[in-house]
Each structure stands twice: as C-alpha cells, then as structure tokens.
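Below is one structure; the comments refer to it alone.
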Amino acid sequence: MPHLIGNRIVLREYRWEDLPEIRTWVNDPEVTGYLSDVFLFPNTMHDTETFLRKMIEGTSEMKGFIIADKETLSYIGQIDLIKIDWKNRNAILGIVIGKKAYWGKGYGREAIQLLQGFVFDSLNLHRLELDVFAFNQRAIKCYLACGFKEEGRMRQKKFANGQYWDIIKMGILKSEYEEMVGK
C-alpha cells in the first residue's frame, strides 16, 4: 500500500522495527482495555511476531497501516481495515494509539481522516464501520468529529471495570464523507 501523508503523520507499512513499539502496549491494560477481547489474555512475543509477520507478508485478512510521525516515521499506533467486504463495498475500522503520550492530541482523528480518503476515494468502498465501547468517550467524540454516526447499540455486551457496558455501532457512508469534505 502507498504511504498516506497528513499534516503531522504518515500512514505507512508495517515493519519489523515496529515490534518493540507494539510490545510496549499489547499487555498494557490502560491501552488494551479500550480494545477487543483479543487482548483479554497476555499477548506473547510469539503472538505479536505472528501478527506482525502476517501484516508484513500481506497474508492477514486485515489490511492496514502504522500511524507514524511524519518527520521520523517512528511508531505512534496502528489503523487497520479488519475486514474488507469487496462485494458489499464496506470495511470495519480498527485503530489504536499505542503510545499514550499521543492520546488526546488529534493523532487518531488525523489518521482516521487519511484512511477515510483512501477507503472512499482509492478503494471506492461505500461504507466504513466500527464498534466502540460506551465508556470510551474520547474515541466516540473523535469518531463523531470524523463523520461517523451512531447506528445502534448492543446493550450491556461488554463487561469491563466491574460492570456491563453497551457496544455502540457507528458507521459512515461514502456520500456522508463526500459531503463532509466538500466533494
């Protein structure tokens, strides 16, 4: 995939040198608590290496990018299309800002906006969707700012921090994206 260049970031390919950066967050509950239950159990070095190998070799069903600093190309996080449905022209978005120093500073928003341009303009997909936990207000605010709309809720589907939480289904259509960016 090509590099997608933003104001402060570049969405670039996965590289072996990203392994130590990924390892810093995959077992950090402060980061993984916002992610799927794939991270419910400790992530071994083998797990991380297998994931990274598949992304580098292009053998994963997922397709995606490393979110990197524009100047240094150093790792900030990851943004992936977890599943692309070519027939129905839609994909599921997954994102993590693995370096906590970058949280709350707009890097996720910039990465999503770059990916939206790629998804709708280059891949010609019709729809982009995601799931977010109701307790993740920072992410919900970001997704709304990127044009996603709440489409439904799976009530009390996620157990975290001693209680059950809703999972919010959000999506954006190509026409909504085009209206948002003035196309």
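The values are calculated or read from the model by the stated rules, or taken from the named source; none is laboratory data. These figures come from a predicted structure and were not determined experimentally. For neighbour counting, all protein chains shown are included, and Cβ atoms are generated from backbone atoms with ideal geometry for every residue, glycine included. Ligands, DNA and RNA are excluded from the accessible area calculation, which covers all protein heavy atoms including side chains. Shrake-Rupley method; radii C 1.70, N 1.55, O 1.52, S 1.80 Å.
Would you say Ala160 is closer than 23 Å to Val38 by Cα, surrounded by fewer than 18 Cβ atoms within 10 Å (Cβ to Cβ) and among the hydrophobic types (A, V, I, L, M, F, W, C)?
Yes.
Taking each residue of the stretch 109-133 that is within 13 Å of Val181 (Cα to Cα) and in a helix (DSSP H, G or I) and looking for partners that are of a type in the set (Phe, Trp, Tyr) and at pLDDT below 95 with beta-carbon atoms closer than 8 Å, six or more apart or interchain, yields nothing. Of all the numbered requirements in (1) open to solvent by less than 50 Å² (accessible area, probe 1.4 Å); (2) in a helix (DSSP H, G or I), Ile56 misses one, and that requirement is (1).
Would you please name the residue that is most open to solvent (accessible area, probe 1.4 Å), looking only at residues in the stretch 140-154 that are among the aliphatic types (A, V, I, L, M) and assigned to a helix (DSSP H, G or I)? Only one residue tops the list, namely Leu144.
Any idea how many residues of the stretch 13-53 are modelled with pLDDT of 95 or more, among the aromatic types (Phe, Trp, Tyr) and not in a loop (DSSP other than H, G, I, E, B)? Final tally of qualifying residues: 3. When Gly98, Gly94, Gly104 are screened for being touching a Gly at 6+ places or on another chain (Cβ under 7 Å), of a type outside the set (D, E, K, R) and either under 24 Å from Asp28 (Cβ atoms) or open to solvent by 60 Å² or more (accessible area, probe 1.4 Å) (or both), only Gly98 passes.
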